[in-house]
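Data first, discussion second: the structure below is written as structure tokens.
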Amino acid sequence: MSFLAARRRSPLALLVLLFLGLAFTGTAYAALQTGAAPGTSAEEASPEQLEEGRQLFLANCASCHGTNAGGNGSDGPSLHGVGAAAVDFQVATGRMPLPAPGVQAERNISQVQFSAEQIEALAVYIDSLAPGPDVPEARWLDPSQGDPANGGAVYRTNCAMCHNSSGTGGALTRGKYAPTLMGVDEQHIYEAMLTGPQSMPVFNDQNITPEEKRDVIAFLKSVEDGANDQGGHTLGSLGPAGDALFAWTIGILAFIGAAVWLGRKAA
């Protein structure tokens, strides 16, 4: 004790305390995380599956993302840490491999180039380089288990400003756009929230919990099924702007018709 007391004012004491504090804080934070652990796809993959994924990557993706997936300047970003969820979202929706340079990669299911098994192999290979968000479990993708009312509240707070209040998409800056969410697979909706593709922000499990993500899916599927069409014609479900345009157009025509009719009566 006398040895420690004599050195408690040493300049190194502060550094030691700082190191111990950071180590303790980091360990406690990792231990208390709920649902935000790195993806585990690669941990369950066989060597043959990882090799298949590597070969698929080298043949189809390395020209833009680099042979080690570390990125290739402006041609393609690094894929280290994006996780299996991001790979599944981009490849299974036909966005990647990118058919041609453009403002943003567009969803095109008809252009999906790989089978489900190949997409899984590619995803686990990328995940093996640096782990990231995993493909969501089936229990978080079932709309019947979600709460559409709560999902609508979460959606309007976090998503409606880009995707429209009814999920039909909207314009962004510099030629980009937020795509429609109608007809999108539940797994891809969840993965988009989890990974934040392109201009979209990342909503990890601390921002929007898995239960809330499932609620958002339930809300979008209820809109897609027409459960909210209770006020007559949907007008394309374009939201308040469409309603205002309809009312303005009909209102102007009604006023013009009334003016013409009154004018003729006066004559």
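The table that follows gives values for the structure above.
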| quantity | calculated |
| --- | --- |
| Exposure ranking of Thr157, Thr93, Thr180 by accessible area [1.4 Å probe, largest first] | Thr157, Thr180, Thr93 |
| Environment charge of Thr195, counting only residues whose C-beta is closer than 13 Å and scoring Lys/Arg +1, Asp/Glu -1 | -3 |
| The stretch 88-152 - accessible surface per residue (Å², probe 1.4 Å) | 50 |
| Rounded Å value of the spacing that divides the Cα centres of the stretch 92-122 and the stretch 164-233 | 19 |
| Cα-centre dipole for the stretch 122-197 with unit charges at Cβ (Lys and Arg positive, Asp and Glu negative), debye to 20 | 480 |
| Largest-first ordering by accessible area, 1.4 Å probe, given options Trp248, Trp140, Trp261 | Trp248, Trp261, Trp140 |
| Karplus 3J(HN,Hα) series, Hz, for the stretch 106-114 with 6.51 cos²θ - 1.76 cosθ + 1.60 (x for Gly, Pro) | 9, 5, 8, 4, 5, 9, 5, 9, 10 |
| In order through the stretch 208-218: 3J(HN,Hα) via Karplus (6.51 cos²θ - 1.76 cosθ + 1.60), integer Hz, x for Gly, Pro | 10, 5, x, 5, 5, 4, 5, 5, 4, 4, 4 |
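The values are calculated or read from the model by the stated rules, or taken from the named source; none is laboratory data. Computed from a predicted model, the values in this text were never measured in an experiment. Neighbour counts are summed over all protein chains in view; Cβ atoms, including those assigned to glycine, are modelled from backbone coordinates with ideal geometry. The protein model used for the area step is the full one, side chains on, heavy atoms only, and it has no ligands, DNA or RNA in it. Shrake-Rupley method; radii C 1.70, N 1.55, O 1.52, S 1.80 Å.
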